[in-house]
Amino acid sequence: MRSKGLSYVDKDTVVHRLTGSAKLLMVLFASLAAMITFDTRLLIVIVVLSCMMFVLAKVPVRDMKLIITVIGIIMFMNIVLTFLFSPEEGVRIYGTRTEIVHLIGRYYLTQEQLFYQANLAIKYLAILPLALIFFVTTEPSEFAASLNSVGVNYKVAYSVTLALRYIPTIQREYRDISQAQQARGTDISKNVKLRKRIKGMVTILFPLIVTSIDRIDRISNAMELRSFGKNKKRTWYRYRPFKAMDYIVIIVSGALIIAAIVMAFVNNGRFLNPFV
């Protein structure tokens, strides 16, 4: 079974056999460690571990090309805007200035700024694989149980998992409506102008919104008839107890936070300064 976007795909891998709670804690702990530290060595360790998990999960990268592209564009824009609005941030942080070339006006390319922005890029690379594998290797019902197990109200957890569960359905309905509109002569391919393509997409979105609202109404009525939300707590059919591998993943992920805190003391701050 192939995954489309961030939808769950059922496979028998080491990562799939981990409980949803363990994977969620892994993502949270690794993300927190990456946010705390600017030590390049530790960030590279997190990147390596993330990529190893990504490979073990056997994630179909080609089906997530759009998501990875969008995140890549956001990362690139963040790096560019950081330089445009604060071209001397690296100089201010590391306390030295090693100029490479003068670009224009107040913009100078320095080794300190390059090193700082390289760390920003590595932070994205450290978290992106883990976030992706969590969504595509965790069954939606187990995802809700995982959120609830870390303290999220079960109503909120169930709402989030419902949204994720219906992403593939919405994608399928969009494709079906699009094909029906194209059969009636509405061309939204690359052969037509952008304005006409946008107009054609709008004609697809309207029936998609109508069907989505109708589905929401049916689901809410069904949940209300079953007294959803009456009790303060609930049990989960897909909840699984921890096994040895789950504890290992949690311990390793927690160790990353400890390492980030230790490196902050070793480096006399969050930043590794190779320029001193």
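The values are calculated or read from the model by the stated rules, or taken from the named source; none is laboratory data. Model, not experiment: these values are computed from the prediction. Ideal geometry is used to build each Cβ from the backbone, glycine not excepted, and the neighbour counts take in all protein chains shown. Just the protein is used for accessible areas: all its heavy atoms, side chains included, with ligands, DNA and RNA removed. Shrake-Rupley method; radii C 1.70, N 1.55, O 1.52, S 1.80 Å.
Here the helices (runs of 4 or more DSSP H) wholly within the stretch 88-151 that include at least 1 residues being of a type in the set (Lys, Arg) are 89-94, 111-137. Among the residues of the stretch 217-235, those that are at pLDDT 75 or above, open to solvent by 100 Å² or more (accessible area, probe 1.4 Å) and under 18 Å from Asn148 (Cβ atoms) comprise Lys230, Lys232, Lys233. When the residues of the stretch 212-251 are narrowed to those that are of a type in the set (Gly, Ala, Ser) and outside any loop (DSSP other than H, G, I, E, B), which ends up nearest to the chain's Cα centre (by Cα)? Per the criteria, the residue is Ser212. Remark: pairs (first residue in the stretch 53-71, under 19 Å from Asp10 (Cα atoms); second residue of a type in the set (Lys, Arg); Cβ separation under 8 Å; 6+ apart in sequence or on different chains) = Ala57/Lys11; Lys58/Lys11; Pro60/Arg2; Asp63/Arg2; Asp63/Lys4.
From the list Lys23, Lys11, which residue is at pLDDT below 85 and out of contact with any Leu (no Cβ under 6 Å at 6 or more places or on another chain)? First the steps, then the outcome.
On the way: Lys23 fails: at pLDDT below 85.
One residue alone meets the criteria, Lys11.
Considering Leu125, Leu114, the condition of being at pLDDT 90 or above and open to solvent by 60 Å² or more (accessible area, probe 1.4 Å) is satisfied by Leu114 alone.
For the stretch 240-276, which positions are out of contact with any Asp or Glu (no Cβ under 9 Å at 6 or more places or on another chain), open to solvent by less than 40 Å² (accessible area, probe 1.4 Å) and modelled with pLDDT under 90? Hits for the stretch 240-276 are Asp246, Gly269.
Of all positions in the stretch 177-196, at least one carries a residue that is over 16 Å from Tyr239 (Cα atoms), surrounded by 13 or more Cβ atoms within 10 Å (Cβ to Cβ) and at pLDDT 75 or above.
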